[in-house]
Amino acid sequence: MIEEGIVAFSGWMTNFELLSSGWRAGLIVFGLVFGTATVAFMVSRVIAAMERKFIETRNIWDDAILHAIRLPLVFFIWLQGVYWAAEVAYYYSEADVFTANDALLEIGFIWVVSWAVLGLIKQIEQVLVSPVKMKKPMDYTTVNAISKLSRMVVIITVILIALQTLGYSISGVLAFGGVGGIAIGFAAKDLLANFFGGFIIHLDRPFKVGDWIRSPDRNIEGTVEQIGWRMCTIRTFDKRPLYVPNATFTTIAVENPSRMSHRRISETIGVRYEDIDRVSGIVSDIRSMLQNHDEIEARQTLIVNFLAFNHSTLDIMVYTFTKTSEWVKYHEVKQDVLLKISDIIIGHGAELAFPTQTLHVADSVKLKHLEHDFGRDQGRGDTANEAGERSLRDNHEEAVSQQKSVEKHYAKPR
């Protein structure tokens, strides 16, 4: 068809003796390229207008399909135009470089189809995980894993078809792959281990994108940003990216705090020994407060008991769980609980205890200080009674000063 059109146009130009063969070829090539550009521009505009119109409809797939095929369709139009222009140039020049036109057209067509299919897979992935387009969006990690697997199948299929189009035997390629796969497996065992590690993560799903994970075996903690076929990207809490090979997760224990059902409050509250007679009432009121708290899950384990006689405190154990598992809200609930416990203790006329120490001074030390002070006062002309009273008063003031210093040093709230 192309050749018949060229012959007719060339004969018409020859009859009228208008241009040489070179100019006729250039004119035809220019007309084909210009026409291709015009058609490609018009098709692109039409599809863009259809996208804007279909995006307002209830159908969630029509605009996705149009967006996936827009660029491949424009590329296909250019592919056809360039092919026709190359055929014209080959008709006039018969250069060997244009003998591969047919093969390039077939390869280009395969590429256009694969491009459209890969774009459609990407659009389907975005629709399935979008909370705007889907009432119940699917899990991103699962959809992403299926999308990656589908793209890999498409790419491998396209490569095999392209090799067959170029004249290579697929059976020979597969046989070479079977023999060479052994050598490649030994050379890239770490890469394969990471690949299968990523497959296990997608299969078992110990975590997904957006989860907060940590490992007691390794210094790994943060939010999962991406699960690839070779490694996972984790954003630590100081906002640094951490890249962990997938094979690592097959040999370490991983905690997933994002899947916690509740968060625990476990505190030991200390009151003074002087308030031993008020401990029973304090324990009862704290337990009642927790059972009636809106943010405390009373159906979980709830323990409030007098725990132990400590060095300077009477310890009360408070053990309960919050309804929320969110980190920020948990601390708000915990703050409210602790403040209410403080109010209960104060309401019973008791006080929160802090570490204290009592100093006992031996009698021999006291007598030595008394004799020293008495000799000093005799030199000043004081009587024995006055010297003794002054010495006792000084010792008392010194003991009080030492006790205040110790209390100030150890007075830290528990």
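Things to note:
- Residues in the range 1-56 that are hydroxyl-bearing (Ser, Thr, Tyr) and modelled with pLDDT under 70 were compared, and the one that is surrounded by the fewest Cβ atoms within 10 Å (Cβ to Cβ) is Ser20.
- One residue alone among Glu225, Glu267, Glu274, Glu221 is closer than 20 Å to Thr142 by Cα and of a type in the set (Asp, Glu), and that residue is Glu225.
- Options Val153, Val143: the member that is part of a helix (DSSP H, G or I) and in contact (Cβ under 8 Å) with a residue 12 or more places away in the chain: Val143
- Residues that are over 18 Å from Phe321 (Cα atoms) and touching a residue at least 40 places away in the same chain (Cβ under 8 Å) within the range 280-297 comprise Gly281, Ile282, listed in sequence order.
- Selection status of Ala68, of a type outside the set (D, E, K, R) and at pLDDT below 80: no
- Pick from the range 309-318, criterion hydrophobic (A, V, I, L, M, F, W, C) and touching a Leu at 6+ places or on another chain (Cβ under 8 Å), ranking: surrounded by the fewest Cβ atoms within 10 Å (Cβ to Cβ): Met317
- Flag for Phe249 being touching a strand residue (DSSP E or B) at 6+ places or on another chain (Cβ under 7 Å) and either within 18 Å of Thr142 (Cα to Cα) or of a type outside the set (Asp, Glu) (or both): no
- Subset of the range 261-306 [of a type outside the set (Ser, Thr, Tyr) and in a loop (DSSP other than H, G, I, E, B)]: His262, Arg272, Asn292, His293, Asp294, Glu295, Glu297, Ala298, Arg299, Gln300, Leu302
- Selected residue (criterion: modelled with the lowest pLDDT) from residues of the range 199-239 that are at positive phi and among the basic types (Lys, Arg): Arg205
- Filter result for the condition that a residue is over 18 Å from the mean Cα position of the chain (by Cα), of a type in the set (Val, Ile, Thr) and farther than 30 Å from Gln357 by Cα, over Thr251, Thr268: Thr251
- Candidate set: the range 338-368, residues that are at pLDDT 65 or above and over 30 Å from Met289 (Cβ atoms); chosen: the one surrounded by the most Cβ atoms within 10 Å (Cβ to Cβ): Gln357
The values are calculated or read from the model by the stated rules, or taken from the named source; none is laboratory data. Note that the coordinates shown come from a computational prediction; the quantities given were computed from them, not determined experimentally. No Cβ is skipped: glycine too gets one built from the backbone with ideal geometry, and neighbour counts run over all protein chains shown.
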